[in-house]
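Take a look at the structure below.
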Amino acid sequence: MTVPPSGTLELLPAVDVRDGQAVRLVHGESGSETSYGSPLQAALAWQRAGAEWLHLVDLDAAFGTGDNRALVREVTEAMDIKVELSGGIRDDATLAAALATGCTRVNLGTAALETPEWVAKVIAEHGDKIAVGLDVRGTTLRGRGWTRDGGDLYETLARLDSEGCARYVVTDIAKDGTLQGPNLELLRNVCAATDKPVVASGGVSSLDDLRALAGLVPAGVEGAIVGKALYAKAFTLEEALEAVAAV
Ligand SMILES: O=C(O)c1ccccc1N[C@@H]1O[C@H](COP(=O)(O)O)[C@@H](O)[C@H]1O
């Protein structure tokens, strides 16, 4: 049974790892990286600032340009907080390695588009340790580092719902890394199409954006991933946590 949405919007500061560095991309495009140094130091800084979650992405694994598995494991093991791990988790071996880090849950992207039978199987096996990332341009899903179309958002959502998927991480690629504000309409539409919790990703630029997302908690938005705005120091994580607690 789905728990009714209530309470405070969860904030998930993001650490995306490319070639051993914490980076932010624009629209998820390879080559658009701005580097922010050590992923471990970034993660520890968000933890010290009061984060309850870390959203940790192995971008090389997502793009198919290698992986940062040892580093991602080191970061996850160093955290006392919950970790949502994603990037390149596409088969039994990569899922087992991800879960063995002790992360709280994993986020599957490409696999949900390309190997739906496997995803249905692991949802059945692992329940709410599995979330699915719905990374969209318009209403078209994108996989393989957001370079390939992967079907219709709402058809895929209906299929995953019928298979018991516990949670969705919804990213508007057009907004990601742009500091242009989240796509609230997309989030409202996804929440209307599923009774499962939704984690919003992409575009957060200000405390007002976070307050707007907190206003969608009754609709089903459970959390928000915050990346560029924190690294660009648009606000601090402490300010963000305070802002959403007050809504
Ligand atoms: O987070 C990003 O900026 C990003 C950019 C380009 C591709 C993927 C990105 N992130 C996350 O990676 C996983 C998907 O990985 P996979 O398809 O399962 O290998 C998903 O969480 C994306 O949101």
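Quick notes
- Cβ-based charge dipole, the stretch 1-158, positive-most Cα from LEU56, ILE89, GLY66: LEU56
- Taking all protein chains into account, the per residue accessible area for the stretch 171-247 stands at 39 Å² (1.4 Å probe).
- Contact order for the stretch 20-154, expressed relative to its length and based on alpha carbon pairs under 8 Å spaced 6+ residues apart, stands at 17 percent.
- Per-pair calculated FRET efficiency, R0 = 25 Å: GLN180 and ALA246 via Cβ, rounded to 0.05: 0.55
- Sequence-distant contacts, meaning Cα pairs under 8 Å at least 6 residues apart, place the relative contact order of the stretch 10-245 at 18 percent.
- Between the residues VAL106, ILE130, GLY227, the greatest Cα displacement towards the positive end of the dipole of the chain, with unit charges on the Cβ of Lys, Arg, Asp and Glu, is found for GLY227.
- At q = 0.12, 0.14, 0.15 Å⁻¹, base-10 log of I(q)/I(0) for the stretch 115-236 (Debye sum, equal scatterers on each alpha carbon): -0.43, -0.58, -0.67
- For the stretch 29-100, the spread of Cα positions along the three principal axes, ordered from largest to smallest, is 33, 30, 16 Å.
- Counting only Cβ charges, +1 for Lys and Arg and -1 for Asp and Glu, the dipole size of the chain around its Cα centre is about 160 debye.
- Computed [θ] at 222 nm, deg cm²/dmol, the chain (DSSP H ≥ 4; -39,500 (n - 2.57); rounded to nearest 500): -10000 deg cm²/dmol
- Note on the stretch 65-124: along the principal axes its Cα atoms extend 33, 27, 15 Å, ordered by decreasing extent.
- Cβ-derived FRET efficiency at R0 35 Å, ASP161 paired with THR65, nearest 0.05: 0.60
- At full extension, THR8 and GLU77 could sit 22.2 nm farther apart than now, given 0.36 nm per residue minus the alpha carbon distance.
- For the stretch 172-247, the C-alpha radius of gyration sits at 1.03 times the compact-globule guess of 2.2 N^0.38 Å, with N the residue count.
- Here the accessible area of the chain is 49 percent carbon and sulfur, with a 1.4 angstrom probe and all protein chains present.
- Listed by chain and number, the lysines placed with their C-alpha closer than 18 angstrom to that of LYS129 are LYS82, LYS121, LYS196; residues fewer than eight positions away on the same chain are left out.
- All C-alpha pair distances within the stretch 10-245, sorted into 10 Å bins from zero, spread as 8, 36, 41, 15, 0 percent across the bins.
- The alpha carbon convex hull volume per residue for the stretch 14-140 rounds to 112 Å³.
- Antiparallel content of DSSP bridges confined to the stretch 90-202, in %, to 5: 30 percent
- Alpha-carbon centroid distance for the pair the stretch 188-247 / the stretch 142-182, whole angstrom: 16 Å
- Magnitude of the charge dipole for the stretch 17-137, about its Cα centre and with charges confined to Cβ atoms of Lys, Arg (+1) and Asp, Glu (-1), is about 240 debye.
The values are calculated or read from the model by the stated rules, or taken from the named source; none is laboratory data. Keep in mind that this is a model prediction, so the values were computed, not measured. A quick note on method: Cβ atoms are made from the backbone with ideal geometry, for glycine too, and the neighbour counts reach across all protein chains shown. These accessible areas exclude ligands, DNA and RNA; they are computed on the full protein's heavy atoms, side chains included. Shrake-Rupley method; radii C 1.70, N 1.55, O 1.52, S 1.80 Å.
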